[in-house]
Amino acid sequence: MTLHETGPRTEPPAAPPVAPRVPAGRSRTQRILGWIALGLAAVLVVTVTGGYLVYRHLNGNITHQAIGDEPGVAHPVKLNKAQNILLIGSDTRAFAGGSKFGSEVGGARSDTTILVHLSAGGRKAVLVSIPRDSYVQIPACKTASGQSTPHLDKFNAAYSIGGPSCTIATVETLTHIHIDHFVEVNFQGFQRMVNALGGVNICLTKPINDPIVFVDGKYHGSGLQLPAGNSTLKGKQALAFVRARYGVGDGSDIGRIKDQQLFISAVIRKATSAGLLVDIPALYRFLDAATKSIRTDPKFGLSQLKGLADRLHGLKPGTVSLLTVPFLFNAPGVPSADIGWDPAKAPALWNALRRDQPLPGQAKPAASPSASPAGNGLTIPPSAVTVQVLNGTGETGIAHRVAAELAAEGFHAIPGNASTRGVTTTVVRYGSGRNESSMTVAAAVKGSTREADPTLRATTIQLVIGSDFGGVVPVTVTPSTKPSASPSPTPSLDITTAGQDLCSA
């Protein structure tokens, strides 16, 4: 039965059935096996085992929605066993009905999108907030009436166009990260989860005053007022806190994201605390509220959540990193009300997550230049290069295949078709501002040649695939430097962890 049905439904028992006592020495099959972040905060503890009826009830709470392939969007290659889950916080009430595409959105909006990267082996987790005001390329997506066209827009327009499916396609196109699953929670469900936890304690260094005002024919503000210091937030007040915008910071989406990350950290600490883990009735109430509040893809049910929890058992809040996509205000070509992604830091972040490697700034220092070879003359890493991959051979699917191979090596690759067929020579064509980037692309494509093309935009690189295409090879950037030269600094990111508590610092 789905979340928004109005007919009678059987209520769950007030507390879970008592499971048989487990003899000492056997595996503790009824313990909490870990956490998984939920929602807009967050899916973060999922799974208890108990009686079969409890499992069936919790699993039956979850609403599923099929995710279809979007036209012209190829899923990125999955490079490792890490899991990437897209968390979507929305104001939709359409968790019922099973409609597949835009018709179920009905004008609903995505207030929050978080990419959760769960490292292979359960060593760490990274939660990356994607600002809804990001000015990005939205791919073609299926809608209730047909198909949208690719265009530049705010990031959250993807959800309004085609729901979770279009949002996933947009993230995969922008980041070249394979999304394994999605979890969506709506506002009502968020409030239920917070109340089931008994409220969440947050600490503020500054008070919040976000009055409701009527400006330009619209109401703005959440009405939230909170003092500096500790506050315990429940239900509607917690929702107002993670949605407050105009009375927070500079009034942009970035200030709100900071508060959302603060709240997520508090949820993680509360949900993984010993008090909740040993209080079985309280834990059951939380799991019952959580599973009623989420919508996922059909392949992501309670069994899959339990499997992830097994992998992540023992992961501490201090190993959960939270950050926002590196961005720029007043970026070239971006409307003044929106933000652009940092052209160096954002690709470096996506490349690290794609390869399940340490985040930029967290990696071990590179070897000193004096210990390096003379260099291969390449100065631009693949993660900083976007290349259009054009099929000039006429062979079906080759542009998507080569784009996937380049993405696996860290490039941002966009497949397409060349204007002519029967091309014999594979060429890297580049505009006036991309000479060094074109060298990196040519080094990665065996047998290719480079060709400056003044008709291309200065920022454009094209790989035209010919019949002599020799394959994609790994590229290592080792610029020629004098032994005394200092290595280029690694882009640093503004990262916090879920273990940080401002009130206990």
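The values are calculated or read from the model by the stated rules, or taken from the named source; none is laboratory data. As the structure is a prediction and not an experimental result, all values here were calculated from the model. Ideal geometry is used to build each Cβ from the backbone, glycine not excepted, and the neighbour counts take in all protein chains shown. To get the accessible areas, we keep the full protein, side chains included, count just its heavy atoms, and leave off ligands, DNA and RNA. Shrake-Rupley method; radii C 1.70, N 1.55, O 1.52, S 1.80 Å.
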Gln225/Leu152 FRET efficiency (R0 45 Å; Cβ-Cβ; nearest 0.05): 0.75
Gain on full stretching of the segment that runs from Lys316 to Ser145 - 0.36 nm per residue minus C-alpha separation: 56.9 nm
Heavy atoms of Thr170 accessible to a 1.4 Å probe, total area in Å² rounded to 10: 0
Calculated FRET efficiency for the pair Thr424/Arg355, C-beta based, R₀ 51 Å, to 0.05: 0.90
Distance violations [Cα-Cα > 27 Å] among Lys234/Lys316; Lys81/Lys258; Lys234/Lys292: Lys81/Lys258
Length released on extending from Asn435 to Asn80, taking residue separation times 0.36 nm less the Cα-Cα span: 124.6 nm
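Express the accessible area of region 136-237 per residue in Å², computed with a 1.4 Å probe while the remaining protein chains stay in the model.
Computed with neighbouring chains in place, this is 43 Å² per residue.
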FRET efficiency, Gln137 to Thr478 (Cβ-Cβ, R0 45 Å, nearest 0.05): 0.90
Pairwise centroid distance, computed over Cα atoms, of region 403-447 with region 162-212, Å: 37
Net lengthening on full extension, Asn330/Thr449 (0.36 nm per residue, minus Cα-Cα): 39.2 nm
